[in-house]
Amino acid sequence: MQQENARRSNRERSDTTRAAILDAARGLFVSRGYADTSTPDIVAAAGLTRGALYHHFEDKKALFRAVAEREAGNVAAAIEQATDLDLAAREALKVGARAYFDAMREPGRIRLLLLDGPAVLGKHEMMAIDAANAQRTLEEGIAEAMAPAAVAPEKLSAMASLLSAAFDRAALDIADGASTELYTETIGSLIDRMVAP
């Protein structure tokens, strides 16, 4: 029992250290950008040593990836929470789009996921992060909305990719001051046309 408590205590300490590094890195990546943030800046902001950072992350890029993964996970969780109702599939897609726009309002999220993410990690790496979080759910939603018609997996993937790109572009425009309501309505029309029988 004592060994189990010691393991749990070590794991909790490790989790706390990792979270502190991620929080400090996120704050600096948002305020300064990836290029202007150094690992000494991050450990100073976290109140930790460089050894602690490198124990958890291979390098600054791996740390940025972990920050982006956490942000993408938070966006996916917000969408799932908003659509965790007894909604028809088409309506769930529209509610999910609005939830995405709302989740992307979190300060710094646009920069991390849509601007710096592709520049730092590359398009394919960001697509992998998206696939691990929201892409599968979006594909399932489109397939359900189009039922009983069966959609080939490659077509379903392409539809989800194009719709996701529209969501991202809308989020960028909304961040620049465009009307959320207008984009929500327009995305809704796009969804209606895309999944029409």
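I need the semi-axes of the equivalent ellipsoid of the chain: take the C-alpha gyration tensor, multiply each eigenvalue by 5, square-root it, list largest first in whole angstrom.
35, 20, 15
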Computed over the range 54-197: relative contact order in percent, which uses C-alpha pairs under 8 Å that are six or more apart:
30
At 222 nm, what helix-only mean residue ellipticity would the chain give, in deg cm²/dmol to the nearest 500, using -39500 (n - 2.57) for each DSSP H run of four or more?
-24500 deg cm²/dmol
Checking the a/c ratio against 1.5 first, then a/b against b/c, what shape does the Cα gyration tensor give for the range 1-103?
oblate
By per-residue mean of other Cβ atoms within 10 Å, what is the highest-first order of 66-78, 36-48?
66-78, 36-48
Take the Cβ-Cβ distance between Glu106 and Ala149 as r, set R0 to 45 Å, and report the resulting FRET efficiency rounded to the nearest 0.05.
0.80
Please work out the average accessible area per residue across the chain, using the 1.4 Å probe convention, and give it in Å².
56
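Which percent of the accessible heavy-atom area of the chain goes to carbon and sulfur, probe 1.4 angstrom?
It is 52 percent, rounded to a whole number.
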Please identify which residues in the range 53-84 have an amide N closer than 11 Å to a label point set 7 Å out from the Cα of Thr39, following the Cα→Cβ vector.
53-63
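The values are calculated or read from the model by the stated rules, or taken from the named source; none is laboratory data. From a predicted model like this one, the values you see are computed outputs, not experimental measurements. Positions of Cβ are generated from backbone atoms using ideal geometry, with glycine treated the same way; all protein chains shown enter the neighbour counts. Each accessible area value is taken on the protein alone, full model and side chains, heavy atoms only, with ligands, DNA and RNA left out. Shrake-Rupley method; radii C 1.70, N 1.55, O 1.52, S 1.80 Å.
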